[in-house]
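Taking it in order: structure first as C-alpha cells, then the write-up.
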Amino acid sequence: MEEPMLSPKMRTIQSLSWSTYVTLMIVCVFLLVGCATSSEEITSEAPPASPPASVAVSFDDMHPSVRLAPAAGPLGGELAEIPVGDAKRGEALFQKDWGDGVQCLQCHSVLQDGEYIGGETGPTLNQVTTRRSKQWLFNWIWDPTEMFPQTQMPVFDWGGDQEVADVIAFLETLKVDFDPTIILSSGKSVEKIGEALAAPDAYDCRACHTIGEGDDARGVFGYPDLTFVGSKIRPEWRDSWLTDPQKMKQRTFMPSFNFSSDELNAVNAYLTSLKWDRKI
C-alpha cells in the first residue's frame, strides 16, 4: 500500500526532532500560565473610578447655606439667615489683635483718604462687597480653608455667626458706591472708560492684580500681573473669561462681575491697551 501524500506543512512538522516538540510544548505552557496570571491580576483589581463630569460651579453654588451652629462649619448645621451685622462691632473685630500681631490689616489694605493702609499679602478690601456676595463673604470669613485649603488666610476663633456678620457690615462701610452708567456716559474713549471701571473706586481690579509700576500698581503676589496683558492674551479669550471665569476655570478666585455688554467691551478695550512697547 502506498503511503499517503503529506502536505509540505505536515512534512515539515514530521521532520522536527522530538526535542524540538518538547521545547515548543514547554514554551506554550509558560505562555498559557503567564496569560492566565495576568488575567487574574487584571480582573482582581477594582476598575479605576471615572473622573467626575466637568461642571462649572461657583462658590455661591458650592456654599449656598449659612451655618446655625458654629461648630458645624459652613457646610453643616441647620440653615439660617445671616444675622444683621453691626458695623461698629465689626470695625473693632477688624482691628482686633488675635495674638502675635495677627489682624486683618496685617495682610489686607484699605484705601483711606486717598492712601492705602495695611499689608499687601491679601486683596484690598474697599470694594470687596461689590465683588462678593454676603453669602460668599460669610463662608469665607468663617473658614477660608473650606473653600481654599491652601489659602494663607487664617481661621479666626469667631465667637459665633454674629461676629462674622458684624465684620461684613463693617466691610460694607468701606465700599465706594458708583454708578457704571455715569462712567459709560462720560464721553471719554472706550479705553478710558474701561480704565475708570477698573479703578479703585469702581470694580477695583488692583485689589488683586498688579497694573503698572510704582506705588499705584498695587496688586497681590500670586495673582496675574495685568501690566502687559494686552500683549499676552487675545481679546476674545478675555471676553469669555470676564463674562464667566468660573465656567472657564473651576474654583478660580476670580469673581463674576456680571458686566453689561458695554462694561465688558470697555474693560476689555482697556486691558487690550496694556501692551509692552518694546523699543530696540
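Each value in this text was obtained by applying a stated rule to the coordinates, not by laboratory testing. No experiment lies behind these values; they were computed from the predicted model shown. Counting neighbours? That spans all protein chains shown, and the Cβs are built from the backbone with ideal geometry, glycine included.
Cβ under 13 Å from residue 94's Cβ, residue 94 left aside: what net charge do those residues give with Lys, Arg +1 and Asp, Glu -1?
Overall, the nearby charge balance is -3.
Considering the dipole of segment 180-273 built from charges on the beta carbon (Lys and Arg +1, Asp and Glu -1) around the Cα centre, which of 255, 270, 200 is farthest to its positive end?
Projecting each Cα onto the dipole axis, the largest value belongs to 255.
Taking square-rooted eigenvalues a ≥ b ≥ c of the alpha carbon gyration tensor, is segment 226-272 rounded, prolate or oblate, where a/c under 1.5 means rounded and, failing that, a/b exceeding b/c means prolate?
oblate
Set the Förster distance to 22 Å, then compute FRET efficiency between residue 258 and residue 162 from the Cβ-Cβ distance, nearest 0.05.
After rounding to 0.05, the efficiency reads 0.15.
Could you tell me the largest-minus-smallest coordinate of the C-alpha atoms of segment 180-273 on each of the three principal axes, in descending order and whole angstroms?
So the three principal-axis extents are 35, 33, 24 Å.
Past the 19 Å Cα-Cα mark, which pairs from 192/275; 188/232; 88/175; 96/175?
Check vs 19 Å cut-off fails for 188/232; 96/175.
Would you mind counting up the charge near residue 178? Only other residues with Cβ under 12 Å from its Cβ, with Lys and Arg at +1 and Asp and Glu at -1.
My count for the surroundings of residue 178 gives -4.
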